[in-house]
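J.: First, the structure itself, so that you have it in front of you.
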Amino acid sequence: MDVLFVAGNARSLIANRGDLIREMLESNLDVAAAVPTKDYLPEVENLGIKIFPFDIGRTGINPISDLRAIFALLNIMKQCNPNVVFSYTIKPVIYGSISARLARVPKVYSMITGLGHIFTTYSSRTKIIRWLVTKLYRVGISCSDLVFFQNPDDENDFTKLGIVRDRKKIVRVNGSGVDTQQFAMQPLPEGAPIFLFIGRILTEKGIAEFVEAAAGVKENYPDARFVAVGPYDSSLPHSVKTTQYERWKTNSVVEFCDAVKDVRPWLAKCTVFVLPSYREGTPRSVLEAMSVGRAIITSDAPGCRETVVDGINGFLVPPKKVAPLKDAMQAFVKDPELATTMSVASRKLAEEKYDVRKVNQVILEAMKSDERYNKAPV
């Protein structure tokens with residue numbers, strides 16, 4: 001076995017690592033993936049690789065279940081004997097990297113796709129968990145030969161916290177990239193502007209600010225429309241309360257739609273894409289919207305700010321603030337030409353900076369140039 005991915009969930013493996021896996025397969029590499037059983041999807045089989053389900057807790061720190069996850073991953077690695085283990089998201093990076101070292105895998109790589117809610121929430125409970133996760137992260141990263149970061153803020157935080165102590169391990173990439181052919185440029189819809197949010201219904205995604213700002217815009221411009229597309233799962237940390245979500249669905253000006261398999265029709269129907277998230281690795285939803293050719297409103301926050309040149313392909317707004325978000329949306333209603341000029345700029349930026357082939361090239365070249373273990377080249 002050449003490469004074993006340790007995934008956070010099946011959905012992200014398909015959407016965020018699918019293109020990288022296909023490029024590896026085209027290079028005749030033997031690829032497999034370990035996927036958490038709780039987040040398994042039948043569609044993951046369409047990647048054309050061997051899938052190994054394993055049990056791991058979705059959230060929180062449980063010594064017994066996490067130890068079981070290490071043993072489960074160890075067993076998988078002994079079965080497929082990979083030359084490379086590539087892990088991403090918090091628990092897979094920590095336990096996947098530790099397991100890989102225990103299994104004496106020649107090359108171990110990690111990708112940081114964001115810090116997670118533990119690092120963005122401040123309470124006595126999360127303070128303790130954050131301290132523990134930081135310690136575990138240090139162990140996991142110390143087991144990694146290379147660490148891929150999707151934005152400079154995460155890289156700086158990991159360095160300041162002492163999680164990454166050898167800067168020679170660091171490789172910066174522009175998110176997970178976007179297939180600019182699959183997400184082809186689409187003409188803007190005619191008529192009143194449609195503002196679209198795509199993401200899980202979590203407070204840290206800025207959904208509450210989106211709903212409140214939409215109500216303010218609607219008062220001044222009744223023809224404007226607002227749509228939110230994404231799954232709701234009350235068990236997730238930072239999930240909106242069920243009562244609040246139901247109230248929004250029935251009483252807010254935002255049209256809510258559950259998760260969809262293909263977001264392209266929704267992107268094609270919108271005028272402006274909005275993601276007022278508090279922090280990201282690099283939001284794939286924004287990259288897809290840029291590739292389709294849509295102006296972007298997103299937060300001046302880690303991971304988000306890199307996707308927008310303020311005033312050129314969209315607007316950056318302070319996170320957790322409603323008034324600036326409302327003003328940014330109203331700017332597109334007042335001046336419809338903004339969406340036209342910014343849509344072209346978004347597409348150009350997607351092609352030049354975020355094309356998935358360019359992103360994957362950086363990853364593959366970094367892996368090939370890592371000569372620590374010459375006996376197991378990628």
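J.: Suppose we filter Asp39, Asp2, Asp55 for residues that are in contact (Cβ under 8 Å) with a residue 60 or more places away in the chain and acidic (Asp, Glu); which single one remains?
T.: Numbers: Asp39 fails: in contact (Cβ under 8 Å) with a residue 60 or more places away in the chain; Asp55 fails: in contact (Cβ under 8 Å) with a residue 60 or more places away in the chain.
It is Asp2.
J.: Let me ask another. Need pairs with beta-carbon distance below 9 Å; first residue more than 19 Å from Leu25 (Cα to Cα) and within segment 358-374, second at pLDDT 90 or above and among the acidic types (Asp, Glu); sequence gap 6+ or separate chains.
T.: Asp370/Asp145; Arg372/Asp145; Tyr373/Asp145
J.: Mind checking which residues of segment 286-297 are assigned to a loop (DSSP other than H, G, I, E, B) and of a type outside the set (D, E, K, R)?
T.: Correct list: Gly293 only.
J.: Further question: Does Glu155 fit the bill of being assigned to a helix (DSSP H, G or I), touching a residue at least 60 places away in the same chain (Cβ under 8 Å), open to solvent by less than 70 Å² (accessible area, probe 1.4 Å) and closer than 30 Å to Arg138 by Cβ? Don't jump to the end; show me each part of the working.
T.: On the way: assigned to a helix (DSSP H, G or I): yes; touching a residue at least 60 places away in the same chain (Cβ under 8 Å): no; open to solvent by less than 70 Å² (accessible area, probe 1.4 Å): yes; closer than 30 Å to Arg138 by Cβ: yes.
Answer is no for this residue.
J.: Still on this structure, please answer the following. Just give me the residues in segment 305-354 being basic (Lys, Arg) and within 23 Å of the chain's Cα centre (by Cα), in sequence order. Even if it seems obvious, please write down each step before you answer.
T.: Step one: list which residues in segment 305-354 are basic (Lys, Arg), which gives 305, 320-321, 326, 334, 347-348, 353.
If the condition is that a residue be basic (Lys, Arg) and within 23 Å of the chain's Cα centre (by Cα), then Arg305, Lys320, Lys321, Arg347, Lys348, Lys353 are the ones that fit.
J.: All but one of (1) surrounded by 22 or more Cβ atoms within 10 Å (Cβ to Cβ); (2) closer than 21 Å to Trp131 by Cβ hold for Pro63; which doesn't?
T.: With (1) surrounded by 22 or more Cβ atoms within 10 Å (Cβ to Cβ); (2) closer than 21 Å to Trp131 by Cβ applied to Pro63, the lone miss is (1).
J.: Could I ask something else about it? Sort out for me the helices (runs of 4 or more DSSP H) sitting completely within segment 1-114 that have 1 or more residues that are hydrophobic (A, V, I, L, M, F, W, C) and within 19 Å of the chain's Cα centre (by Cα). Break it down into steps so the answer makes sense when it comes.
T.: Values: elements: 10-26, 63-80, 97-102.
Hits in segment 1-114: 10-26.
Rundown of residues vs (1) free of Cβ contacts under 8 Å to residues at least 24 places away in the same chain; (2) surrounded by fewer than 24 Cβ atoms within 10 Å (Cβ to Cβ); (3) of a type in the set (D, E, K, R); (4) closer than 18 Å to Gly191 by Cβ, yes/no style:
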site	(1), (2), (3), (4)
Cys270	no, no, no, yes
Phe273	no, no, no, yes
Pro276	no, no, no, no
Arg284	no, yes, yes, no
Gly293	no, no, no, yes
Ile297	no, no, no, no
Gly303	no, no, no, no
Val309	no, yes, no, no
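J.: A further question follows. Would segment 239-251 turn up any residue that is touching a Lys or Arg at 6+ places or on another chain (Cβ under 7 Å) and not aromatic (Phe, Trp, Tyr)?
T.: Checked segment 239-251: no residue is touching a Lys or Arg at 6+ places or on another chain (Cβ under 7 Å) and not aromatic (Phe, Trp, Tyr).
J.: Any idea which of (1) under 30 Å from Val84 (Cβ atoms); (2) touching a Cys at 6+ places or on another chain (Cβ under 7 Å); (3) of a type in the set (Gly, Ala, Ser) is the one Ser277 doesn't satisfy?
T.: Evaluating Ser277 over (1) under 30 Å from Val84 (Cβ atoms); (2) touching a Cys at 6+ places or on another chain (Cβ under 7 Å); (3) of a type in the set (Gly, Ala, Ser) leaves (1) as the failure.
J.: Go through segment 298-334 and give me each residue that's part of a loop (DSSP other than H, G, I, E, B) and among the basic types (Lys, Arg).
T.: Listed by number, the residues that qualify are Lys320, Lys321.
J.: Inspect segment 176-191 for any residue being at pLDDT below 95 and open to solvent by less than 30 Å² (accessible area, probe 1.4 Å) and give the result as yes or no.
T.: yes
The values are calculated or read from the model by the stated rules, or taken from the named source; none is laboratory data. Quick caveat: nothing in here was measured; it's all calculated off a predicted structure. Ideal geometry is used to build each Cβ from the backbone, glycine not excepted, and the neighbour counts take in all protein chains shown. In case anyone asks, the SASA skips ligands and DNA or RNA and just uses the protein heavy atoms, side chains included. Shrake-Rupley method; radii C 1.70, N 1.55, O 1.52, S 1.80 Å.
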